[in-house]
1. Compute the signed sum of charges (Lys and Arg +1, Asp and Glu -1) over the other residues within less than 11 Å, Cβ to Cβ, of Asp46.
2. Sort Trp47, Trp28, Trp82 by accessible area with a 1.4 Å probe, largest first.
3. How do Ser6, Ser84, Ser34, Ser64 stack up against each other in accessible area, from largest to smallest, with a 1.4 angstrom probe?
4. What number comes out for the charge environment of Ile89, summing +1 per Lys or Arg and -1 per Asp or Glu over other residues with Cβ under 12 Å away?
5. Residues with amide H under 5 Å of Arg83's amide H, sequence separation 5 or more or different chain, H placed in the peptide plane at 1.01 Å from N; which?
6. Evaluate E = 1/(1 + (r/R0)^6) for Asp72 and Arg7, where r is the Cβ-Cβ distance and R0 equals 41 Å; express this FRET efficiency to the nearest 0.05.
7. If a/c stays under 1.5 just call it rounded; otherwise compare a/b with b/c (prolate if a/b is bigger, oblate if not). Do that for the chain, with a ≥ b ≥ c from the square roots of the Cα gyration tensor eigenvalues.
8. Tilt of helix 10-31 relative to the longest C-alpha principal axis of the chain, in degrees (0 to 90, nearest 10)?
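The values are calculated or read from the model by the stated rules, or taken from the named source; none is laboratory data. For clarity, every value in this text was computed on a predicted model and none was experimentally measured. Don't worry about glycine lacking a Cβ; one is built from the backbone with ideal geometry, like all the others, and counts go over all protein chains shown. Heads up: the accessible areas ignore ligands, DNA and RNA and are worked out on the full protein's heavy atoms, side chains in. Shrake-Rupley method; radii C 1.70, N 1.55, O 1.52, S 1.80 Å.
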Amino acid sequence: MSGVRSRFPLRRKILLGIVVVLLALVAWLHYTGSAATHGITTQDMDWNGDGTVTQGEIAQAVFSVVVEQKQDGRRQCNTFAWRSGAGTIRMDCKTVFQTEATQAKE
């Protein structure tokens, strides 16, 4: 049977491997606290405070900046810091008001 083709040819196996590696990378980034995987908007990625967000700052949000999220009652705080431990970049806090229906579910 020389005419029978494999169900998963080499090209599909390579593509599947790439997809699995990318998903593993995103999972690892989220597990380690990457700012980019924790719901931060592009406008909030201005790490040097100059008013513009560059592609370098977006890349830093993926690989160099981690976020620690804390909630104390209605107050939610995100602390952004360098992954290397070089210090805190900034802390964003907000008070979240919930509707009565949402509070009843909790």
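1. -2
2. Trp28, Trp82, Trp47
3. Ranked list, largest accessible area first: Ser84, Ser6, Ser64, Ser34.
4. Charge balance in the 12 Å sphere: -3.
5. Val65, Val66
6. Step by step, r from the Cβ atoms, then E = 0.15.
7. Note, shape of the chain comes out oblate.
8. Computed tilt is about 20 degrees.
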